[in-house]
Each structure stands twice: as C-alpha cells, then as structure tokens.
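Heads up, the thing below is written out as structure tokens.
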Amino acid sequence: MSLTEQYALDLYRAARRGEPAPPAPGRHDWRTVRELREYRYVQAVTAGRGPPPWPR
C-alpha cells in the first residue's frame with residue numbers, strides 16, 4: 001500500500017468515526033528533524049562530551 005493510499009484510508013476512517021482528519025504526510029518532517037537535532041545536542045552536553053558543532 002502506498003503512502004497516498006494509506007492516507008486516503010486514514011481520511012476515510014476518520015470521517016466515518018467523526019474524528020478530525022490526520023495531518024498530511026510529510027507535514028511535520030522539518031519540525032521532527034529540528035527536534036531530533038536539538039535532542040542529540042542536549043544529550044551530548046549532559047553526557048559531558050561537549051556540544052557538537054551546531055549546523056547553520
């Protein structure tokens with residue numbers, strides 16, 4: 001099943017149940033990447049390894 005087909009099925013199920021529609025695929029990808037980068041940065045600092053270079 002492709003990503004588009006799965007999303008269409010999720011939309012259908014949400015509509016049948018009266019629930020809000022799920023977010024579109026890929027909508028939160030950049031936020032997730034930023035959160036992961038921040039998490040790894042904090043883990044390195046708290047482990048005493050010093051902060052890795054912060055990407056610009």
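Key figures for this structure:
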{"item": "Complete set of residues in segment 1-37 that are aliphatic (A, V, I, L, M) and assigned to a loop (DSSP other than H, G, I, E, B)", "result": "1, 21, 24"}
{"item": "Filtered residues of segment 9-47 (kept if among the small types (Gly, Ala, Ser) and under 19 Å from the mean Cα position of the chain (by Cα))", "result": "21, 24, 26"}
{"item": "Criterion violated by residue 47 - all others in (1) loosely packed, with under 10 Cβ neighbours inside 10 Å; (2) modelled with pLDDT of 90 or more satisfied", "result": "(2)"}
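The values are calculated or read from the model by the stated rules, or taken from the named source; none is laboratory data. The structure displayed is predicted, hence computed values, not measured ones. Using ideal geometry, Cβ is built from the backbone for each residue, glycine included, and neighbour counts are taken over all protein chains shown.
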